[in-house]
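The values are calculated or read from the model by the stated rules, or taken from the named source; none is laboratory data. These figures come from a predicted structure and were not determined experimentally. Cβ placement follows ideal geometry from the backbone for every residue including glycine, while neighbour counts extend to all protein chains displayed.
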Amino acid sequence: MSDRPLDPERYVYVPLRRELNHEIVRRQDRHADVNVAAHVERAVEDVLKSTDGDQEIGTGREHLDEHEERFRGAEFRATFGDPDLGLQWYDVYLPNGTELGMQHDGQWHKAYVTRQAIRRSMFDVNE
């Protein structure tokens, strides 16, 4: 990994338990910058190298497309709720995941339909 900004279209962000992050930092040279993401990336590369050529691993495009679809579905449900549900707002039906926007006093504000309600943030169901 380099020090350039990470393009969100090319990277997946994986939650890492805080105590693991702290332990990696603690074990590093105190005078060097610690790049925990680089450590994680190297570990994943090592796993991939060790399974390279394994005949039981699916390699077809169909397998990859199916995995991506499952991931998107699970990610959507975790963020917005059931994709088959939504919110009836007057004569308009807004399915979960709908992004709403409005301009007020010269600023744009966004909201999202999340778990059948309009919320200011797609990640906070308590707003």
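For (1) closer than 29 Å to Thr114 by Cβ; (2) in a loop (DSSP other than H, G, I, E, B); (3) at pLDDT 70 or above, each residue gets a yes or a no:
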| site | (1), (2), (3) |
| --- | --- |
| His22 | no, no, yes |
| Leu48 | no, no, yes |
| Ile57 | no, yes, no |
| His67 | yes, no, no |
| Phe71 | yes, no, no |
| Phe76 | yes, no, yes |
| Gln88 | yes, no, yes |
Q) Give me the pairs: first residue in segment 87-108 and farther than 20 Å from Glu75 by Cβ and not assigned by TED's automatic domain parsing to the domain that holds Glu75, second residue at pLDDT 85 or above and part of a loop (DSSP other than H, G, I, E, B), beta-carbon distance under 8 Å, and six or more apart or on different chains, which are they? A) none
